[in-house]
Amino acid sequence: MKMYKKPFSMHVDLDAFIPATEQEKEYMVQMRPPSTFFRDGVKRLWKNKVAVVSFFIIVFMVLSCIIIPLVWPYGYDQMLGMNKGKVDPTYSNLAPFEYGETELERIENGEKVFPHIFGTDSHGRDYLIRVVYGMRVSLMVGFFASIIVLVIGMLVGSISGYIGGKVDLIIMRIVDIIYSLPDMLMVILLASVLKLVLGEALEGTILEKIGSNIISLFIVFGLLYWVSMSRLIRGQILSLREQEYVLSAKASGAKSGWIIRKHLVPNCISVIIISTALQIPSAIFTESYLSFLGLGVNAPMPSLGSLASDALNGFTSYPYRLVIPAVVISLIVLSLNLFGDGLRDAFDPKLNT
Amino acid sequence: MSSKTLLYIGKRILLAILTVWVVITVTFFVMHAVPGGPFLGEKALSVDAQRALEAKYGLDKEVHEQYATYLKDIVTKFDFGPSLKQRGREVIDIIADGMKTSAKLGLIAAGIALVTGIVLGAVAALRRNKLIDRVIMVITTAFVSMPSFIMGSLLLLIFAVKLQWLPANGATAGGLILPIITLALYPTAYITRLTRSSMLDVLGQDYIRTAKAKGVSKFKIIFGHALKNSLIPVITYFGPMLAYIVTGSLVVEKIFAVPGIGRTFVSSITDRDYPVIMGTTIILATLIVIMNLVGDILYKVVDPRITLE
């Protein structure tokens with residue numbers, strides 16, 4: 001029954017108020033699959049093309065560091081020309097894809113010889129495997145140094161943040177002083193002495209294999225670089241404790257376990273992971289710098305810095321020996337930095353609001 | 001200047017002095033951890049000669065006495081003792097010699113970095129998201145992540161060896177050009193990024209809009225308001241820039257064979273000339289700490305809006 005309706009009448013049109021059908025109700029409900037903070041972050045990260053490309057470069061490098069040394073027929077310290085104590089000079093300073101004398105004989109006899117893709121160095125060592133080992137050293141130093149920095153920084157920072165008061169004051173003054181020390185000079189100083197002191201102390205232990213220089217690098221990192229991490233973590237703890245949502249959770253009767261799990265950890269873990277990730281390239285930077293000055297890894301173990309430094313001597317004739325480690329190290333540092341920046345953009349909750 | 005500012009400056013100066021003291025102390029004790037002590041070479045000496053040397057360098061005394069003498073000599077006489085390897089030369093003379101070249105190198109590099117960085121940063125900010133901005137950002141990103149020794153080696157390879165435009169040896173007349181460029185690249189890139197972001201921040205401020213609304217000319221807005229205010233963060237970079245130039249000069253002087261303090265330092269490390277290592281570390285560290293201090297204080301004094309901690 002259609003009722004006549006005056007345009008300005010106050011009569012309510014009852015047709016507009018009939019209950020919705022099931023179909024209409026379904027149409028109104030918007031169901032999306034539930035998302036977590038982590039999944040959101042990954043989604044945002046995936047959209048960042050630069051970070052994704054950097055990520056794949058890093059993965060490629062890590063994989064080649066693991067796989068190539070397993071399958072490569074030459075060792076990083078194997079002097080190919082060395083035969084029964086005699087050195088065959090035809091193996092030294094080979095250009096890419098050239099072969100030594102005995103290798104050429106073997107090829108003529110129909111044998112297959114694995115090519116020296118980057119040639120060999122002045123001691124007749126296959127250069128590609130040396131670059132790969134150098135990459136491995138750089139990545140490992142970067143990774144472990146950041147872990148050391150993270151552990152020490154987290155310990156000191158959380159102690160200082162939780163206890164507060166005088167302990168906090170004293171720790172923060174120490175942090176201030178270490179922070180204002182010129183880090184590189186101190187690193188050089190410590191590295192130059194530690195390698196002497198440790199060299200004797202480590203003799204005969206398992207640690208000797210790693211090399212006194214790398215251990216002294218770790219010690220230096222542990223001594224100097226924890227300060228910014230501990231500052232960060234202390235600041236996080238102090239500010240998170242005072243947040244309104246923590247107060248509101250407390251007011252609604254949340255137990256402290258819940259608050260720690262649902263509020264404190266998720267809010268500070270991303271910041272910590274991001275700054276640890278950004279610590280890796282700077283550690284790699286420092287290691288290569290020290291290796292370049294001759295304070296890095298022990299010979300014959302190569303590192304990208306020492307490869308570049310060695311290449312300086314004969315680089316008018318063999319410029320590629322300088323260019324290869326230079327490109328690799330710039331690529332590592334650049335992609336780690338860009339990936340770290342991407343991580344920060346994707347996971348830092350402060351930036352998203 | 002308010003009393004609060006003065007208090008802040010006082011605190012910062014105190015911290016700087018404390019830092020320098022820590023540097024001296026750490027250097028001294030680290031060097032004394034070296035087997036045999038810092039003042040003795042590795043060659044086995046006769047007992048008499050060793051005694052004589054120990055007496056000469058005061059090594060027969062207790063460690064804390066030696067430390068007190070070392071500290072006193074530095075503070076009162078600026079005396080770092082004699083060099084171990086370069087017989088008959090004082091450490092301070094060796095450092096002064098190297099400093100002449102290095103200071104020239106560093107100052108020119110810093111000047112170039114400041115001027116180019118500020119200009120490029122301002123251009124990038126004013127042409128935001130245009131092609132020139134993109135190009136500047138890509139290039140500076142690349143330079144920021146390239147270690148100085150890589151940059152130096154590549155420049156040497158390209159300009160001195162392949163093109164032969166510039167001499168490779170830093171001891172010759174035109175030889176300082178490449179080291180200066182190498183040293184300046186990273187700070188230039190950094191200052192460009194710094195200026196760009198702070199300029200963008202300033203350009204969005206209300207007082208810029210007010211000036212525009214009042215009809216102030218574009219030239220005056222850019223130079224009188226925007227650039228002036230966006231340079232304040234650059235001041236804080238003085239200290240880190242000097243630190244970078246000092247550490248960068250170590251490798252740059254090695255690559256280009258520049259007879260400066262950096263090369264002295266590196267060769268003293270390989271020669272294990274401990275008194276020179278100690279002296280150089282202390283002097284360079286003090287320089288960096290002072291520059292940091294100056295940068296921080298200027299930063300607070302120049303901009304009254306900045307609240308003190």
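Listed values for the range A:154-166 are Karplus-derived 3J(HN,Hα) couplings in whole Hz (6.51 cos²θ - 1.76 cosθ + 1.60, θ = phi - 60°), namely 5, 4, 5, x, 6, 4, 5, x, 6, 6, x, x, 5, and x replaces Gly and Pro.
GNM on chain A, alpha-carbon springs under 10 angstrom: the most fluctuating residue among A:H116, A:H263, A:H11 is A:H11. Using Cβ point charges alone (K and R +1, D and E -1), the dipole size of chain A about the Cα centre works out to roughly 1660 debye.
Using DSSP loop states and a limit of at most 15 other Cβ atoms within 10 Å to flag chymotrypsin sites (Phe, Trp or Tyr not before Pro), what is the longest stretch of chain A containing no flagged site?
A:98-353
Computing FRET efficiency as 1/(1 + (r/R0)^6) for A:W258 and B:V115, where r is the C-beta to C-beta distance and R0 is 51 Å, gives about 0.35. Counting other Cβ atoms within 10 Å of each Cβ, which trypsin sites (Lys or Arg not before Pro) in the range A:3-73 have at most 16 and sit in a DSSP loop? Passing both the DSSP loop test and the Cβ count: A:K5.
Backbone N atoms of the range B:90-131 closer than 18 Å to the 7 Å Cα→Cβ label point of B:K77 belong to residues B:90-96.
A simple charge model with +1 on the Cβ of Lys and Arg, -1 on the Cβ of Asp and Glu and nothing else charged puts the dipole of the protein assembly as shown at about 2820 debye relative to its Cα centre. Shape class for chain A: oblate, because the ratio a/c of the largest to smallest gyration tensor axis (alpha-carbon atoms, square roots of eigenvalues) is 1.5 or more and b/c is at least a/b. Computed over chain A, the per-residue total of -39500 (n - 2.57) for DSSP H runs of n ≥ 4 gives a 222 nm mean residue ellipticity of -22000 deg cm²/dmol, rounded to 500. If the Kirkwood radius is taken over C-alpha pairs of the range A:236-353, then at 37 °C and 0.692 mPa s the Stokes-Einstein diffusion coefficient equals 187 µm²/s.
Across the range B:94-272, Cα-Cα pairs more than 19 Å apart make up 61 percent of the total.
Mean-square fluctuations from a GNM of chain A, with a 10 angstrom spring cutoff on Cα atoms, peak among A:I174, A:I219, A:I332 at A:I174. Working note: 222 nm ellipticity from helices only, DSSP H runs with n ≥ 4, each -39,500 (n - 2.57), summed and divided by the residues of chain B, gives -23000 deg cm²/dmol to the nearest 500. Legend: mean number of C-beta atoms from other chains within 10 angstrom of residue C-beta atoms, peptide A:277-287, equals 1.
Comparing A:L224, A:L232, A:L63 in a Gaussian network model of chain A (Cα springs below 10 Å), the most mobile by mean-square fluctuation is A:L63.
With only Cα atoms counted, the protein assembly as shown has Rg and Dmax values of 30.5, 127 Å. The order of A:L304, B:L18, B:L194 by accessible area, most exposed first and with a 1.4 Å probe, is B:L18, B:L194, A:L304. Taking a ≥ b ≥ c as the square roots of the eigenvalues of the alpha-carbon gyration tensor, chain B is classed oblate because a/c is 1.5 or more while a/b is no larger than b/c.
Overall form of the range A:141-194: oblate. Here a/c, set by the Cα gyration tensor axes a ≥ b ≥ c, is 1.5 or more, and a/b is not larger than b/c.
Rounded to the nearest 20 debye, the dipole magnitude of the range B:211-309 is 780 debye, with +1 charges on Lys and Arg beta carbons, -1 on Asp and Glu beta carbons, and the Cα centre as origin.
The phi-based Karplus calculation (6.51 cos²θ - 1.76 cosθ + 1.60; θ = phi - 60°) puts the 3J(HN,Hα) values of the range A:289-299 at 4, 5, 4, 5, 7, x, 10, x, 5, 6, 5 Hz, whole numbers, x for Gly and Pro.
The values are calculated or read from the model by the stated rules, or taken from the named source; none is laboratory data. Small disclaimer: the values here were computed from a predicted structure and weren't measured. No Cβ is skipped: glycine too gets one built from the backbone with ideal geometry, and neighbour counts run over all protein chains shown. Accessible surface areas use protein heavy atoms only, side chains included; no ligands, DNA or RNA. Shrake-Rupley method; radii C 1.70, N 1.55, O 1.52, S 1.80 Å.
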